[in-house]
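The values are calculated or read from the model by the stated rules, or taken from the named source; none is laboratory data. Owing to the predicted nature of the structure, the values given are computational and were not obtained by experimental measurement. All Cβ positions, even for glycine, are placed from backbone atoms using ideal geometry, and neighbour counts span all protein chains on display.
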């Protein structure tokens, strides 16, 4: 399933993930609380379906899912390691495998740091500033796991 992050329902979902109440969202958009509730229920179903499909496509056994946070915790069957699938407002759906990376030689170094900072910001999670994306990921995902 394709998950669009620029539609109104996703916007409601992102606001709720950031702590906005349904009535707050309704007031902001000039609609009823019931309309917001229905939209969020539909979005939660889309998020969960997308997370499950990504897990299946990447051969990840599902441990826990939190559709309201947009997170799936699992274990990669082929890599035999922990995996997390998450929905980012800026970066879409991402799969991250627990690993000890050689970040200094990786071509995606800057991209990983940006993704981790953006995702931490979206969730309102504080992480230590470091030049090592692996350490940032460990800290961020430990905090995400505690949320789920």
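Brief remarks on what is shown
- Of the candidates 92, 101, the single residue that is at pLDDT below 95 and under 22 Å from residue 139 (Cβ atoms) is 101.
- Of all the residues in the stretch 90-144, those that are in contact (Cβ under 8 Å) with a residue 40 or more places away in the chain, surrounded by 14 or more Cβ atoms within 10 Å (Cβ to Cβ) and more than 22 Å from residue 60 (Cβ to Cβ) number 0.
- Test: residue in the stretch 80-101 that is farther than 27 Å from residue 4 by Cβ and part of a strand (DSSP E or B): yes
- Count of the stretch 47-79 residues, restricted to those that are free of Cβ contacts under 8 Å to residues at least 40 places away in the same chain and assigned to a loop (DSSP other than H, G, I, E, B), is 6.
- Residue among 44, 6 that alone is outside any helix (DSSP H, G or I) and either at negative phi or crowded, with 18+ Cβ neighbours inside 10 Å (or both): 6
- Test: residue 31 is modelled with pLDDT of 95 or more, outside any helix (DSSP H, G or I) and surrounded by fewer than 19 Cβ atoms within 10 Å (Cβ to Cβ): yes
- Taken over the stretch 51-81, the criterion of being buried (at least 16 other Cβ atoms within 10 Å of the Cβ), under 21 Å from residue 122 (Cβ atoms) and touching a strand residue (DSSP E or B) at 6+ places or on another chain (Cβ under 6 Å) is satisfied by 51, 54, 55, 65, 70, 71, 72, 73, 74.
- Flag for residue 42 being under 17 Å from residue 5 (Cα atoms) and touching a strand residue (DSSP E or B) at 6+ places or on another chain (Cβ under 8 Å): no
- Taken over the stretch 121-142, the residue count meeting the criterion of being farther than 19 Å from residue 16 by Cβ and under 14 Å from the mean Cα position of the chain (by Cα) is 4.
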